[in-house]
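Each value in this text was obtained by applying a stated rule to the coordinates, not by laboratory testing. All of these numbers come straight from a predicted model, not from anything done at the bench. Using ideal geometry, Cβ is built from the backbone for each residue, glycine included, and neighbour counts are taken over all protein chains shown.
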Amino acid sequence: MVKIKTFYKNYLLLISLLLLMSVFAIHLSFAKALASDKEYQRIVIIGDPHLPGENITGKENLVKDINSWSDVDVVVAIGDICEDTGSRDEYSYAKQFFSKVVKPVSFIVGNHDYIYADLKSSRGKRIKGSPGTREAALQLFKQTFGLPSVYYSKKVGKYLLVFLSPDDLQSNYLTMISDTQLSWLQKELSGNREVPTIIFFHAPLKGTLQDYNENVNKENFIAQPYEKIRDIIMANQQIFMWISGHTHTPATNKSFSSPINIYENQVTNIHNPDINRKTLWTNSLYLYPDKTVVKTYNHTKGAWLTGLERVVIPRQK
Ligand SMILES: [Zn+2]
């Protein structure tokens, strides 16, 4: 009797040991499979959606395309999510539009999301809002997209992604960052000096496009305050990429991908076309440990733009 009991005991022990080992082995191989699955993180950027706006079918198909790309990690909506004045109707449309995106979406503010009063002039012109209406619009933005703040950062792979928003309540400029936000940015950067950093903001850095129309590089079409932003960038050499919309620069434009995109010999500004047009493009960033690859996709044709593939190497310490 005693012998049988010991036999059973040992037998049970052996079985559980084997079970434990196999669970461990499955776990290991699963982790390995996940790790080798892809060696990059992919970010898709949606340029100025202006919702609902034009070409609604095209916009919906663009979301379907992004959902069909299983390797996407993050989607970024680069501001001007609302078509016109950032009304409650536009926000609620935007909310349901982006609820269809399967992967997590990072939202930042554009001028159309916060700076204009809902009421237009008698001639139908947009009027800049008071500090009160701007503040209320920023609140609505946060509430709609579930954000505690309109500026924030995320670590993705070995990179720091910094999301900034125009949020100045008084400025006449369309894309002005408040002093409070700039202080936050400086702190964030000084705590991450060794981390290759990409900044997402609605407007581009000054001088990173050719003057192809009367707006480009003018005070309302660059990230403001531009001198302070330049000082911060140059004091933080880990910043190597700036991602913007606002200028509605199509992928067919000469300076869409050009040496002029390089700011102060340090930061590559990637310009993103708006999606409120007939032909829709998105840029994808592929973040590898040692390089970032940028590719442009034409959703209207269903094809990659082979000539526009770019490789950007972050400064290594
Ligand atoms: Zn804009």
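Quick notes on this structure:
- Sequence ranges 231-241, 107-117, 185-195, ranked by mean other-Cβ count within 10 angstrom, highest first: 107-117, 231-241, 185-195
- Table column - 3J(HN,Hα) (Hz), region 214-221, Karplus curve with 6.51, -1.76, 1.60, x for Gly and Pro: 6, 8, 3, 6, 7, 4, 8, 10
- FRET efficiency estimate (nearest 0.05) - Cβ-Cβ, S121 to K155, R0 41 angstrom: 0.35
- Taken one residue at a time, the phi angles of region 129-145 give Karplus couplings (6.51, -1.76, 1.60, θ = phi - 60°) of x, 7, x, x, 6, 5, 4, 4, 5, 5, 4, 4, 4, 4, 5, 4, 9 Hz. Gly and Pro are set to x.
- Pairs of alpha carbons in the chain whose separation is greater than 24 Å (percent): 56
- Of all DSSP beta bridges confined to the chain, the antiparallel ones make up roughly 55%.
- Listed residues S149, S87, S68, most fluctuating in the chain (Gaussian network, C-alpha, under 10 Å): S68
- Helix axis angle, 226-235 relative to the chain longest principal axis, alpha carbon, degrees: 30
- What the phi angles of region 262-269 give under the Karplus curve with 6.51, -1.76 and 1.60, with θ = phi - 60°, is a coupling list of 7, 9, 6, 6, 9, 10, 8, 8 Hz, glycine and proline written as x.
- Percentage, to the nearest whole number, of Cα pairs in region 134-277 over 19 Å apart: 52
- Protection proxy ranking, peptides 199-207, 275-283, average beta carbon neighbours within 10 Å, highest first: 199-207, 275-283
- All-pairs Cα distance distribution in region 45-130, expressed in whole percent, bin size 10 Å: 17, 47, 25, 9, 2
- Radius, Kirkwood style, for region 210-317 when every pair of distinct Cα atoms is counted (Å): 15.0
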